[in-house]
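First up is the structure itself, then whatever we jot down about it.
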Amino acid sequence: MSRVWKFGSDVDTDQIVPGRYAPFMLKEGQDVKDYAFIEARPDFARNARPGDVIVAGKNFGCGSSREYAPEALRRRQIGGIIAVSYARIFFRNAINLGIPVIEAPDVVDALEDGMEIEVKWASGQLKSDSGQLFELPPMPAFATEIIAAGGLTAFVRKYGRFPGEK
């Protein structure tokens, strides 16, 4: 089971990882994953478990195009993100890093912070701890391929091409 970490709308990349915690500003031995939501929600950095799911409102990942924001979430081994909508660059950066990102407003409304859920990303099924079942909309085919490979770099290494190329 995965725990839900629920956030509101317009969560920007500075809230995900404040700029002063950029990987190039950290001391040796520090990891950007330890600073995910460090100011916006300090309990996240301490308590998020591998496979946990972020659920958010509109425009998740807005602000700058800092790739280290989704990178921190990847390193925390977040299972995926379900939001009403995403900032376009964050959405693509997350896919490129192998993080499932789904737009599902009805599911966002139904899930609460701290709920335990089971998500089958490939088949688009989500079951809450209360037994409620949800069908998640499918991700674009290119995104599914990239995520299944473990990210864009892994995809290119495995297939010697970009998704959609022959």
Taking the chain, how much of its Cα-Cα pair set, in percent, is spaced more than 19 angstrom apart? 53
Which ³J(HN,Hα) values in Hz, rounded to whole numbers, follow from the phi angles of region 127-135 under the Karplus curve 6.51 cos²θ - 1.76 cosθ + 1.60, where θ = phi - 60° and Gly and Pro get x? 10, 8, 5, 8, x, 5, 10, 10, 9
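Hand me the trypsin sites (Lys or Arg not before Pro) from region 41-114 located in a DSSP loop with no more than 10 other Cβ atoms within 10 Å, in residue order please.
Details: sites: 46, 58, 66, 74, 75, 76, 88, 92; in loops: 58, 66, 76.
Filter output for region 41-114: empty list.
Using the structure shown, list the pairs from 6/58; 6/158; 27/158 with a Cα-Cα distance above 24 Å, or answer none.
Numbers: 6/58 12 Å; 6/158 34 Å; 27/158 33 Å.
Too far apart for the 24 Å limit: 6/158; 27/158.
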Each residue of region 20-36 in order: what ³J(HN,Hα) in whole Hz does its phi give by Karplus 6.51 cos²θ - 1.76 cosθ + 1.60, θ = phi - 60°, with x for Gly and Pro? 5, 9, 4, x, 6, 9, 7, 6, 4, x, 8, 10, 4, 4, 6, 10, 5
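With +1 on the Cβ of every Lys and Arg and -1 on the Cβ of every Asp and Glu, and nothing else charged, how large is the dipole of region 2-159 about its Cα centre, in debye rounded to the nearest 20?
560
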Distance from region 147-166 to region 73-116 (C-alpha centre basis), Å: 21
Those GluC sites (Glu not before Pro) in region 1-95 that DSSP places in a loop and that have at most 13 other beta carbons within 10 Å: 28, 39
Assuming a ≥ b ≥ c are the square roots of the Cα gyration tensor eigenvalues, decide whether region 1-60 counts as rounded (a/c under 1.5), prolate (otherwise, with a/b larger than b/c) or oblate. oblate
Convert each backbone phi in region 51-63 into a coupling constant with the Karplus relation 6.51 cos²θ - 1.76 cosθ + 1.60 (shift: θ = phi - 60°), then list the ³J(HN,Hα) values in order as whole Hz, x for Gly and Pro. x, 4, 10, 8, 10, 8, x, 6, 6, 5, x, 5, x
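Before anything else, pin down the relative contact order of the chain: Cα pairs under 8 Å, at least 6 apart, normalised by residue count, whole percent. Working shown, then result.
Working: 331 pairs, mean separation 36.4, N = 166.
Contact order relative to length: 22 percent.
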If every Lys and Arg gets +1 and every Asp and Glu gets -1 at its Cβ, then about the Cα centre region 1-52 yields a dipole, in debye to the nearest 20, of 220
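Each value in this text was obtained by applying a stated rule to the coordinates, not by laboratory testing. Remember, it's a predicted structure, so these values are computed and weren't measured experimentally. Don't worry about glycine lacking a Cβ; one is built from the backbone with ideal geometry, like all the others, and counts go over all protein chains shown.
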